[in-house]
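Visitor: I have a structure here, written as structure tokens, and I will follow up with some questions on it.
What follows is calculated from the coordinates using simple rules that are stated; it is not laboratory data. Fair warning: this is a prediction, and the values are worked out from it, not measured in the lab. Methodologically, a virtual Cβ is constructed for each residue, glycine included, from the backbone with ideal geometry; neighbour enumeration extends over all protein chains shown.
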Amino acid sequence: MPTIGVAIAIPEPWASELQDYRTSVGDTTATQIPTHITLVPPTEVPEPDLQAVRAHLTQAASAVPRFDIHLRGTGTFRPVSPVVFVTLAEGISGCEVLAGAVRQGPLEVELHYPYHPHVTIAHHLDDETLDRAFAELAEFECRFAADAFSLYVHDADAGWRATDHFALG
């Protein structure tokens with residue numbers, strides 16, 4: 001059964017910058033995870049249901065207007081989860097609306113934690129490395145328009161790959 005995810009891709013040059021940083025601090029998962037803001041976390045979907053998922057995502061995308069995202073500074077989920085991330089200074093409500101629209105119908109999933117849009121930069125590393133990532137990217141900043149999102153499918157060898165893109169309303 002395929003494992004899928006739905007996310008807003010971070011555009012270049014920031015996607016590579018953040019992914020390279022994540023790799024440089026020893027987060028080996030970064031090479032298989034494009035830089036993104038999650039809308040739907042990894043979810044198993046039966047192969048025959050993928051067409052319904054795509055139709056649903058097309059409809060959800062058309063109902064949500066594009067919005068601006070401003071990434072600035074760092075945050076963490078510690079001590080609950082060993083994650084350091086870049087925070088959204090603008091675009092949180094847009095991500096919440098979009099995530100709510102896509103997490104319906106065939107993608108209605110139960111979240112383990114409240115939805116908090118972010119861009120992971122360090123995950124499952126020792127505390128010293130997480131502290132370093134938190135400090136070193138504290139001044140990170142970029143702005144871009146969220147005008148689309150993507151459906152990603154996980155491949156055991158290649159990692160997460162975008163298979164479909166959906167333009168916002």
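Visitor: Among the residues of the stretch 114-129, write down those that are in contact with a Ser or Thr (Cβ under 8 Å, 6 or more places away or on another chain) and surrounded by fewer than 11 Cβ atoms within 10 Å (Cβ to Cβ).
Guide: Across the stretch 114-129, there are no qualifying residues.
Visitor: Pairs please, first residue from the stretch 40-51 and among the charged types (D, E, K, R), second anywhere and assigned to a helix (DSSP H, G or I), Cβ atoms under 8 Å, 6+ apart in sequence or on different chains.
Guide: Asp49/Pro106
Visitor: Quickly run through the stretch 70-93 and pick out the residues that are within 14 Å of the chain's Cα centre (by Cα) and either of a type in the set (Phe, Trp, Tyr) or under 29 Å from Pro46 (Cα atoms) (or both). Please lay out each step first, then the result.
Guide: First pass over the stretch 70-93, keeping only residues within 14 Å of the chain's Cα centre (by Cα): 71, 83-88, 91-92.
Scanning the stretch 70-93 gives a single hit, Phe85.
Visitor: The conditions are (1) free of Cβ contacts under 8 Å to residues at least 60 places away in the same chain; (2) farther than 30 Å from Asp127 by Cα; (3) of a type in the set (S, T, N, Q), and Ser81 fails exactly one of them. Which is it?
Guide: (2)
Visitor: Go through the stretch 12-43 and give me each residue that's buried (at least 16 other Cβ atoms within 10 Å of the Cβ) and part of a loop (DSSP other than H, G, I, E, B).
Guide: Matches in the stretch 12-43: Val25, Asp27, Ile33, Pro34, Thr35.
Visitor: Test of understanding: among Phe149, Phe134, which residue is surrounded by fewer than 20 Cβ atoms within 10 Å (Cβ to Cβ), touching a residue at least 24 places away in the same chain (Cβ under 8 Å) and aromatic (Phe, Trp, Tyr)? Working first, answer last.
Guide: On the way: Phe149 fails: surrounded by fewer than 20 Cβ atoms within 10 Å (Cβ to Cβ).
Answer to the check: Phe134.
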